[in-house]
Amino acid sequence: MLQSEKQSQYIDYDLVSRTKYKLLKSLYRQFKQNASLKSQRSFRRFCQTKSNLLSAFAEDERAKFWQWLAHEQLNHCQKLCLSLGMQTGLINDLAVGCAKDGLEFLTNESVFALNAEIGAPPDPWAEQGQNWGLPVIDPKKMADNNFAYFRQLFKENMQYFGALRIDHVMSLRRLWWCLTVNQQQNGCYVYYPFEHLLAILKIESHSNNTCLVGEDLGVVPPEVTSALASSGIFGNTLFYFEKNHIGEFKHGNDYRDNCMLMLSNHDVPPFAAWWFGEDIDLKVSLSLCSDHEASNLKDQRQIDKQRVLNWLNKSELTLESDVNILFNELVKTLIQTPPKLFSLNFDDLAKQTLPINIPGTDREYQNWRRRILTTIEDVFSSQQSLLNDLTDLRKDND
């Protein structure tokens, strides 16, 4: 890949794909020519063990080799994490759906509904609602073969990991279907066999010794939150969303303990951008809101910024304080609250201002393409003092 491409702000996935497959084909050729007997046996054993899943590749040995390569690398990476003292190691992320042109959909098409796509209803962070363009599972068809597709999906996604984060975990209970009615975009909630799916999820979690985190942000039925808690499944708490009935940020001691707490995540702007209102300016530039709407949003943001200062309750901090100092104080306070898990957004550590994703957009913004130009080593080196402080505070809090 060209060095200039590696330094561009956004990833060219067409170029990445061409480069990746060129290298993967070369790896397969090298394997066929020079693989040790041990590697050959490991590959054959993998193909036998995974024969049902790999049947979609028919006689395409090269595609099976690539699957084996991923299997070996994930196994090695998890073992390395644990050997270095990590209690959980890798955390996998299970997306809410799959691509229409992907192998998962094409080999299980009978389980999916026709003429519907996964999305979400309007909320304060995506006022027009969202259509994610992903096919939806038919709740009547998914029970076929004793929920075979669902069970296999979770089993495979837990195999190499210490924990599994389930995106949009509310979909176990109900899912927003985006439909076209009389050439107009519409939608409705469709309900799923929640008790059956939750039982399967807990069984697979126990069988694979994998911790579960359910992303329950947005419009969440109360029975989902209570079921996660009673099942030993962590929920997900985002600082921005935790407000009381008068709009003030909740006291940290009021946070539930059975969750993963975050200041920000991939669906909201990095803290620095939020603090300076740069996410609002970006929306205006992308014609996602009018100047009048932006003015109202900025007025509300000023109120929320003062609420952050009220929440921190540190007299030396003001609206004019350095944003990096504010961030440090905020995360050091958050890490001392009750939630058992705490996650830092790498975008915040890397002091990013451009978002990685803007919910509700498709072609307006280059979602999931923004590159962090600072190396991982440099980010951690520059933030080592903060990370040490957070580690010490967490130990003291325990």
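The values are calculated or read from the model by the stated rules, or taken from the named source; none is laboratory data. In this text the structure is predicted, and so the values were computed from the model without any measurement. Please note: Cβ atoms are built from the backbone with ideal geometry, for glycine as well, and neighbour counts cover all protein chains shown.
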May I ask you to list the residues in the stretch 88-120 that are under 18 Å from Pro139 (Cα atoms) and of a type in the set (Ser, Thr, Tyr)?
Thr107, Ser110
Can you find even one residue in the stretch 80-94 that is of a type in the set (S, T, N, Q) and under 21 Å from Asp60 (Cα atoms)?
no
Using the structure shown, decide if Asp123 is among the acidic types (Asp, Glu), out of contact with any strand residue (DSSP E or B) (no Cβ under 8 Å at 6 or more places or on another chain) and under 20 Å from Gln185 (Cβ atoms).
yes
Filter the stretch 93-107 for residues that are surrounded by 16 or more Cβ atoms within 10 Å (Cβ to Cβ) and of a type in the set (A, V, I, L, M, F, W, C) and give the result.
Leu94, Val96, Cys98, Phe105
Candidate set from the stretch 346-398 (those that are closer than 16 Å to Tyr10 by Cβ and of a type in the set (S, T, N, Q)); member that is surrounded by the most Cβ atoms within 10 Å (Cβ to Cβ)
Gln352
Can you tell me which residue in the stretch 124-176 is farthest from Val220 (Cα to Cα), limited to those that are touching a Gly at 6+ places or on another chain (Cβ under 6 Å) and of a type outside the set (Gly, Ala, Ser)?
Leu134
Single match in Leu197, Leu201, Leu263, Leu217 (criterion: of a type in the set (A, V, I, L, M, F, W, C), within 29 Å of Asp348 (Cβ to Cβ) and at pLDDT 95 or above):
Leu263
For the stretch 110-155, give me the residue count where each residue is acidic (Asp, Glu) and either modelled with pLDDT of 85 or more or on the phi > 0 side of the Ramachandran plot (or both).
3
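Residues are listed down the side, and each one gets a yes or a no for (1) in contact with a Pro (Cβ under 9 Å, 6 or more places away or on another chain); (2) of a type outside the set (D, E, K, R):
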position: Asp14; (1), (2): no, no
position: Arg18; (1), (2): no, no
position: Asp60; (1), (2): no, no
position: Gln67; (1), (2): no, yes
position: Leu82; (1), (2): no, yes
position: Ala99; (1), (2): yes, yes
If you take the residues in the stretch 31-82 that are basic (Lys, Arg) and surrounded by 11 or more Cβ atoms within 10 Å (Cβ to Cβ), which one is nearest to Ala163 (Cα to Cα)?
Lys79
Go through the stretch 144-189 and count every residue that is touching a residue at least 60 places away in the same chain (Cβ under 8 Å), of a type outside the set (S, T, N, Q), surrounded by fewer than 17 Cβ atoms within 10 Å (Cβ to Cβ) and part of a helix (DSSP H, G or I).
1
Considering only residues that are surrounded by 16 or more Cβ atoms within 10 Å (Cβ to Cβ) and in contact with a helix residue (DSSP H, G or I) (Cβ under 6 Å, 6 or more places away or on another chain), look in the stretch 313-328 and name the one that is farthest from Gln383 (Cα to Cα).
Leu317
Where the second residue is assigned to a helix (DSSP H, G or I) and aromatic (Phe, Trp, Tyr) and the first is under 18 Å from Glu329 (Cβ atoms) and lies in the stretch 236-253, which pairs have Cβ atoms under 6 Å and are six or more apart or on separate chains?
Phe249/Trp311
For residues that are among the hydroxyl-bearing types (Ser, Thr, Tyr), surrounded by fewer than 18 Cβ atoms within 10 Å (Cβ to Cβ) and in a loop (DSSP other than H, G, I, E, B), tally how many sit in the stretch 219-267.
2
For the stretch 190-217, pairs from a residue that is part of a strand (DSSP E or B) to a residue that is among the small types (Gly, Ala, Ser) and surrounded by 18 or more Cβ atoms within 10 Å (Cβ to Cβ), with Cβ under 8 Å and 6 or more apart or across chains, are Cys211/Gly162; Cys211/Ala163; Cys211/Ser205; Leu212/Ala163; Leu212/Ser205; Val213/Ala163; Val213/Gly235; Gly214/Gly235
Quick one: in the stretch 83-92, which of the residues that are outside any helix (DSSP H, G or I) and surrounded by fewer than 13 Cβ atoms within 10 Å (Cβ to Cβ) is modelled with the highest pLDDT?
Leu84
Which of the residues spanning the stretch 101-143 are in a helix (DSSP H, G or I) and of a type in the set (A, V, I, L, M)?
Leu103, Leu106, Val111
Go through (1) touching a Ser or Thr at 6+ places or on another chain (Cβ under 9 Å); (2) among the acidic types (Asp, Glu); (3) surrounded by fewer than 17 Cβ atoms within 10 Å (Cβ to Cβ) one by one and return the number of the condition Glu204 breaks.
(3)
